[in-house]
Structure formats: C-alpha cells, structure tokens
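Visitor: Submitted below is the structure of interest, expressed as structure tokens.
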Amino acid sequence: MFEPVRIAPSLLSADFMQLGRDVALIEEAGAGFVHVDVMDGHFVPNLTMGVPVVKQLKRATSLPLDVHLMISNPLEQLPWFLDAGADLVTVHAEALDAEGLARAVAAIHAAGALAAVACKPHTPTGVLAPVIVDLDMVLVMSVEPGFSGQSYIEGTEDKVARVVEMARAVGAAPLVQVDGGISLSTAARVAAAGADVLVCGNAVYAADDPARALADIAAVADEARLAALAAHKEVSSACLLS
Ligand code: DX5
Ligand code: ZN
C-alpha cells in the first residue's frame, strides 16, 4: 500500500519570537511531525533549544514532537525530554556504544515513545546493526549536524537505500528519515531511495509561502516514491514471468 512521505519541518529555521505561529502554520499545512533540534554546544558546536521549549510545544500542538538529540550525554538527559512530552526521540550513534544505544532505545520505549538512531554523514550504517530490529526510525543525516541551511551531501540517497535494505534483510521496517538540505530539488531523490520522513528547515521556513513550500516538497516526494514503487513492481513481475 502507498504511504505518503511525511514532512517534518525543523523549528531551527522558524522565527523563535513567533514559535506558536510557526508551529500552527505547519500543522495546518499538513506536516507529519514537528522536528525539534536539540544541540548542546558540545556534540555539535551550536547551542539551540532544550526541555522547556519541548514542554511548551507539547501544549501548543497536537502534531507529534520529533526530538533530535544532538547531545553528548543522551542517557542522562533522555528522561527529561520524555517527561516533557517527546513523542519520538532520536539519539546519535556517535554519542553511544552499542550497549548505550540499546539502553537508550529501551528507555524511550519504556516511556511509550518511538525510538530512532541517527547516523552522521561519515558514520557507517554498520553501527545500526545491533539495534535496527528495535528501532521505529533511522535518521540518515544528509549534512554534518549543527546548522540549518547547509547543502545536501550528494550520494546520501545511496545510504538511505542501504539502510532500507539492511532493515529488510533482518525483517525490520523502521521509518527512514533524512535530515539536512532537503528541498524541492533533493526531496525526490531521497524519497525514491526509500525515505519516509523528510526534515525541512530552510526549504519550508525561509520560503515566501512556507505552507506552499511544504505541500510542494511533499508532492514531489510522493511522486518519486510512487514512481520508484511502480518500477520495483515492474521488475518483480518481470522476474516472476521470466
Ligand atoms: C542540522 C539539523 C537539521 C537542520 C535542517 O543539524 O539536524 O534538522 O535544522 O535544516 P535544513 O533543512 O535547512 O538543512
Ligand atoms: Zn535535525
């Protein structure tokens, strides 16, 4: 069955003086998640928002809060974000060893939230192997984490395809999210490769008409996804017939 690609606008590119307005805007425009970029000035050079903002967002929107933790000590801070109302929490594979990742995923699930693990552009997908069967989502970074408005790293779509294949091989089907430099010109490529959730910062919030930009990106992503599914079906039936 065809599942539309979901758009997760990143509040990092929103107007912090008008957060309520900017969240309402994407909710009305059909966003699937609100993407909240938490940076600690240590795991990444930038410092952004934290627990109090997540708490207030929870009251302001019915969209699921997708909290991307770019922090060095996720195991310590996870309970705070879960208590604040995070619906989906992403921890970075580079911040934890395999045992730590498993503990983080278990803690997120114990709180009733969805669990994801993120990989930076140069992190091999192999780090996902010990936990992939337990994940609700894998986040493939298409820029170095830290700042919005960067350019998409060419070839990330191949990594997306590898993650999809890796999950399928062990009977898992986590959502695959791509984050960084996603716009009207890059969305189709990652959607065709198997991405289910696209994070968009500047491409939505820096647009003249953010709601229109969101809808346009969702439309090109869906079109690419449908075309990829159709091509896959054709190949499968050709194999069956031959
Ligand atoms: C980067 C963040 C991204 C970023 C996306 O570290 O994780 O979510 O804000 O912004 P754009 O879409 O502008 O690259
Ligand atoms: Zn992010």
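Visitor: Calculate the spin-label point distance for Ala228 paired with Ser185, positioning each point 7 Å from the Cα along the beta-carbon direction, and give it in nanometres.
Guide: My value for the distance between the label points is 2.0 nm.
Visitor: If you take every DSSP beta bridge fully contained in the chain, what fraction is antiparallel? Give it as a percent rounded to 5.
Guide: In the chain, approximately 5 percent of DSSP beta bridges are antiparallel ones.
Visitor: I would also like to ask the following. Taking Lys55 as the anchor, which lysines have their alpha carbon closer than 30 Å to its alpha carbon, excluding any fewer than eight residues away along the same chain?
Guide: Result set, ordered by chain and number: Lys120.
Visitor: Next question. Grab the Cα-Cα distance for Glu27 and Thr123, subtract it from 0.36 nm times how many residues apart they are, and report the gain in nm with one decimal.
Guide: Difference between extended and current length: 31.3 nm.
Visitor: Report the far tail of the P(r) of region 94-242, meaning the percent of Cα-Cα pairs longer than 19 Å.
Guide: That fraction is 57 percent.
Visitor: At 7 Å along Cα-to-Cβ for each site, give me the label-to-label distance between His42 and Gln18 in nm.
Guide: Here the answer is 3.5 nm between the modelled labels.
Visitor: Let me spell out the model: positive unit charges on the Cβ of Lys and Arg, negative unit charges on the Cβ of Asp and Glu, origin at the Cα centre of the chain. What dipole size does that give, in debye rounded to 20?
Guide: Rounded to the nearest 20 debye, it is 220 debye.
Visitor: Test of understanding: what is the full-extension gain from Ala169 to Asp83, defined as 0.36 nm times their sequence separation minus their Cα-Cα distance?
Guide: The span from Ala169 to Asp83 would gain 27.5 nm if fully extended.
Visitor: Could you work out the helix-only [θ] at 222 nm for the chain, with each DSSP H run of four or more residues adding -39,500 (n - 2.57) and the total divided by the number of residues, to the nearest 500 deg cm²/dmol?
Guide: Calculated from helices alone, the mean residue ellipticity at 222 nm is -13500 deg cm²/dmol.
Visitor: Taking neighbour counts of Cβ atoms within 10 Å as a proxy for exposure, in what order, fewest first, do Lys233, Lys58, Lys159 appear? Don't jump to the answer; show the numbers that get you there.
Guide: Working: Lys233 10, Lys58 15, Lys159 23.
Fewest-to-most ranking of Lys233, Lys58, Lys159: Lys233, Lys58, Lys159.
Visitor: Another question, then. Can you list the lysines whose alpha carbon is less than 27 Å from that of Lys233, not counting same-chain residues fewer than 8 positions off?
Guide: Lys159
Visitor: Dipole of region 42-142 (Lys/Arg Cβ +1, Asp/Glu Cβ -1, origin at the Cα centre): which of Ile108, Pro52, Ser72 lies farthest to the positive side?
Guide: It is Pro52, whose Cα lies furthest towards the positive end.
Values in this text are rule-based calculations from the coordinates and carry no lab data. Bear in mind that the values here come from a model prediction, so they are computed numbers and not experimental data. Positions of Cβ are backbone-derived with ideal geometry, glycine not excepted, and every protein chain shown enters the neighbour counts.
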